[in-house]
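In what follows, a single structure is set out as structure tokens and then discussed.
Every number here is computed from the coordinates shown, using simple stated rules; none is lab data. It should be emphasised that the depicted structure is a prediction, and the values quoted were computed from it without experimental measurement. Positions of Cβ are backbone-derived with ideal geometry, glycine not excepted, and every protein chain shown enters the neighbour counts.
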Amino acid sequence: MKPDSASVFTTDNEARAVEIISWFPRPRSAMIPLLHLAQQQDGYVSDAAMRRVGELIGVTTAEVKGTASFYEMFRFEPVGRYLINVCTNISCLLCGGEELLEHACEVLGTEVGGTTSDAMFTLEEVECIAACTEAPCLQVNYRYRGRVTNTDFDRLVEDLRAGQTDIPHHGVLSQVHQRTDAEHRAGIVPPEQAREAPVWISRNSDTQAGD
Amino acid sequence: MSTPHESDGYLAHAPGYVANDGPKLITSRFEHSDSFTLQRYLATGGYNGLQAALRATPQEVHQQVREATLLGRGGAGFPAGVKWGFLPPGKHPYYLVVNGDESEPGTYKDRLLMERDPHQLIEGCLIACYALGLQQCFLYVRGEMALAQERITAALNEAYEAGYVGREIRGSDFSVDIVMSQGAGAYIVGEETALIESLEGRRGMPRLKPPYFPAAVGLYGQPTIVNNVETLSNLPWLLTNGAEAYRSYGSETSPGTRMFAVSGHLQRPGVYEVQHGVTTFRELIYGNNYCQGIRQGRELKMFIPGGGSSPWFFGEHLDLPLEAKPVGAAGSMLGSGAIVVMDDTTDAVKAAWRVVKFFARESCGKCTPCREGTTWLEQILRRILDGEGRPADIDLLLDIGDNISPGPYPAAAHGELEAVPFPPRQTTICPLGPSAVAPVVSTIRRFRHEYEAKITRRDPIPVMAVPAGAAL
Ligand SMILES: Cc1cc2nc3c(=O)[nH]c(=O)nc-3n(C[C@H](O)[C@H](O)[C@H](O)COP(=O)(O)O)c2cc1C
Ligand code: SF4
Ligand code: FES
């Protein structure tokens, strides 16, 4: 049975969605953060979640899907609890990234792009993750490990299996959320409602080209 | 509030940043384990640049940035003060978009600045907003950077609470909101118009030019300044100490310092803050203060001077200073401050293929020369590597390259800094397509024999003896 789209997000996440939207002059700008919120909740982005995101920001489900599919991080089917992304781009290639990826395939018993049968791990080959001086490197659910030897990799997999890391399940990015009430904000309004020069500019307006 | 994720000891194990004895304008707090907190920030001169800015008029602040010749650190090296001047008068609201999408192969410095000193970046944003009358700031952080997102968000929460961001900042009439937003995995979103599309909740594809600068038409069609994380992180120091002090570091045309990620076959790879314009590639690669030479005493074969998009350099370029003009005159660019060093064990064709594969994978597909061309380049290189290259392949690679980016690449790198020629010579909407040509042309020029050796190397084809009289 299809879930009713209003109950796709938990009550907490529904509130967070509204909060996220409130930070942008136009609701549609919350698209990517809301898709991340959905992925954080379920580990992937479901059709129902895309429908709900569309409702929240006032666009069609098709537009949400069309946008979401452009971005590599969004998954539309469940993946392993831990997504392991091994970089093989240039700096990592020079320092053993391909060999590390091969080792990872062997240890996990899966192909690149595959998920282990216990649904614990999905393995991916990725492009530069901005840790090039620490090559070869990888991310587990977007948390970094650098200068990874085969032994390090084996230990990491053991620790993850044993639940001995603080790495959250796939989909969780920032665990800190921006919260400031309206009273302390400067005020976020659509561009049509902000046509006046800001006060600290108009006060200096005699010399300001902008006014 | 939950505490930011420490990524279990990752920083201790693989720190990335390596301190040196040079001046520290933007990495001064990196030595502290709590460098990302408001408490540490305030104890080390934090928000003094903002206070100095608030005591001056917006125009004076803009003038300081102009006088400092603060060059953009995102890739193009365009002077921030000049770009800021492109805002059309009276078309409010104006916005600030911070480019924290760092994903150019070899580039690793914006992430450090976001993770280790988020308040410095926030203060930089505030100074820019004050100077230009920008009404909201969007900090767009690459999707894959969970820790950077946490650190920035936590810092914003602290800064709002302490009255450094938001309504009537520190009792003044200056008010601005800053919001952390995220990407979701797409290199092309680093291109500023694609970034704006993404921030509007769309597929991150570059917009057609003109207009060349989002300063004219940007977010929601409004005038928008897009600056790189490192560019903005310079502003607190600059406003605290003044343009003259800033100019006392680095060279005349490239003042201040810059962060360089130096990776590859090195004794001590790392991210170093170095004086812009005066330090040479040789010092950075071989200097005791920096990378300490090629690993295990091997020889240098080639290096990428400015990230995956830049044409490659060789031994004869080592004495060039880290400065836009001479590097441009020599046919490349400093780009995103990413130097990738390859020793004499490196297979030139394979290295070029890997960079091209990146661009082929990341092409957004909007224009044909890039979408088709990068894929062809990648496939031809792949077959050469697999021993299936054809004699005409080298010319074919050059021909495809010429279709994407006719003439010398990058055209922009040969010009005067003050007048970056726009549009650059390319048949594409953005420079991603031309970027894929750089490694191919660089390696064919220098190591044609390696290509030829791979192409002519044929595994002997077993000839089956045909029985006499058999029907063929
Ligand atoms: C394909 C492509 C990718 C880019 N990626 C980045 C990036 O990841 N970060 C960045 O700051 N600038 C990137 N840029 C440059 C931006 O378009 C823009 O010039 C820059 O953010 C402006 O900031 P700056 O003037 O402070 O350097 C990229 C440009 C292109 C063409
Ligand atoms: S050059 Fe490539 S990445 Fe840039 S707009 Fe065209 S297809 Fe997209
Ligand atoms: S090349 Fe692997 S992190 Fe940059």
Checklist outcome for this item: Dividing the mean separation of Cα pairs under 8 Å (6+ apart) by the residue count of region A:1-129 yields a relative contact order in percent of 20 percent
Checklist outcome for this item: Sorted largest first, the C-alpha extents of region B:244-309 along its principal axes in whole angstrom are 42, 28, 16
Item to check | Order of B:THR69, A:THR116 - criterion: other Cβ atoms within 10 Å of each residue's Cβ, fewest first | outcome: A:THR116, B:THR69
Checklist outcome for this item: Shielding of A:140-149 by other chains, given as the mean Cβ count within 10 Å, works out to 5
Item to check | Between helix B:368-385 and chain B: long-axis angle, C-alpha atoms, 0 to 90°, nearest 10 | outcome: 50 degrees
Item to check | Reachable lysines from B:LYS83, criterion Cα separation under 28 angstrom, eight or more residues apart if same chain | outcome: B:LYS24, B:LYS91, B:LYS109, B:LYS209, B:LYS325, B:LYS366
Checklist entry - Scaled to the compact-protein estimate 2.2 N^0.38 Å, what is the alpha-carbon radius of gyration of region B:188-269, rounded to two decimal places? => result 1.47
Checklist entry - If you take the beta carbon distance between B:SER248 and A:SER7 as r and set R0 to 51 Å, what does 1/(1 + (r/R0)^6) give as a FRET efficiency, to the nearest 0.05? => result 0.25
Checklist entry - Which semi-axis lengths, in whole Å and largest first, follow from the square roots of five times the eigenvalues of the Cα gyration tensor of region B:38-247? => result 24, 20, 16
Next on the checklist: Averaged across orientations, what area in nm² does the convex hull of the alpha carbons in region B:123-206 project?
Outcome noted: 5.7 nm²
Checklist entry - Counting each DSSP H run of 4 or more residues in chain A as -39500 (n - 2.57), what helix-only mean residue ellipticity at 222 nm follows after dividing by all residues, to the nearest 500 deg cm²/dmol? => result -10000 deg cm²/dmol
Checklist entry - So which cysteines in chain A don't have a second cysteine's C-beta under 4.7 Å from them? => result A:CYS95, A:CYS105, A:CYS128, A:CYS132, A:CYS137
Checklist entry - Computed on alpha carbon atoms, what radius of gyration and Dmax characterise region A:82-162, expressed in Å? => result 11.3, 34
Checklist entry - Using the Karplus equation 6.51 cos²θ - 1.76 cosθ + 1.60 (θ = phi - 60°), what ³J(HN,Hα) coupling, rounded to whole Hz, does each residue of region B:262-272 give in order, writing x for Gly and Pro? => result 10, 10, x, 7, 10, 5, 9, x, x, 9, 10
Checklist entry - Out of every Cα-Cα pair in chain B, what percent are more than 40 Å apart? => result 21 percent
Checklist entry - For the protein assembly as shown, what is the Kirkwood estimate of the hydrodynamic radius, computed as the reciprocal of the mean inverse distance between distinct Cα atoms, to one decimal in Å? => result 25.8 Å
Checklist entry - Across peptide A:191-197, how many C-beta atoms of other chains are within 10 Å of each residue C-beta, on average? => result 5
Checklist entry - With point charges of +1 on the Cβ of Lys and Arg and -1 on the Cβ of Asp and Glu, referenced to the Cα centre of region A:4-125, which listed residue (A:LEU100, A:VAL45, A:ILE32) lies farthest in the positive direction of the dipole? => result A:ILE32
Next on the checklist: I need the P(r) histogram for region B:31-159: all alpha carbon pairs, bin width 10 Å from 0 out to the longest distance, whole percents.
Outcome noted: 12, 39, 38, 11, 0
Next on the checklist: Neighbour counts of other C-beta atoms within 10 Å: give me A:HIS177, B:HIS62 arranged from fewest to most.
Outcome noted: A:HIS177, B:HIS62
Checklist entry - How big is the C-alpha Rg of chain A next to the rule-of-thumb value 2.2 N^0.38 Å, as a ratio? => result 1.29
Item to check | On Cα atoms only, tilt of B:348-362 relative to the major axis of chain B in degrees | outcome: 60 degrees
Item to check | Cα radius of gyration and Dmax for region A:113-197 (Å) | outcome: 20.2, 61
Checklist entry - Listing A:ARG26, B:ARG111 from the residue with the fewest other Cβ atoms within 10 Å to the one with the most, what is the order? => result A:ARG26, B:ARG111
Item to check | Estimated dipole of chain B in Debye, rounded to 20 [Cβ of Lys and Arg +1, of Asp and Glu -1, Cα centre] | outcome: 700 debye
Item to check | Net charge of Cβ neighbours under 12 Å - reference A:ALA62; Lys, Arg +1; Asp, Glu -1 | outcome: 0
Checklist outcome for this item: Expressed in angstrom and rounded, the centroid-to-centroid distance over alpha carbons for region A:53-95 and region B:147-188 is 25 Å
Checklist outcome for this item: So the pair-distance distribution of region A:5-76, from every Cα-Cα distance in 10 Å bins, comes to percents of 22, 61, 16
Item to check | Test item: B:162-168 mean partner chain Cβ contacts at 10 Å | outcome: 3
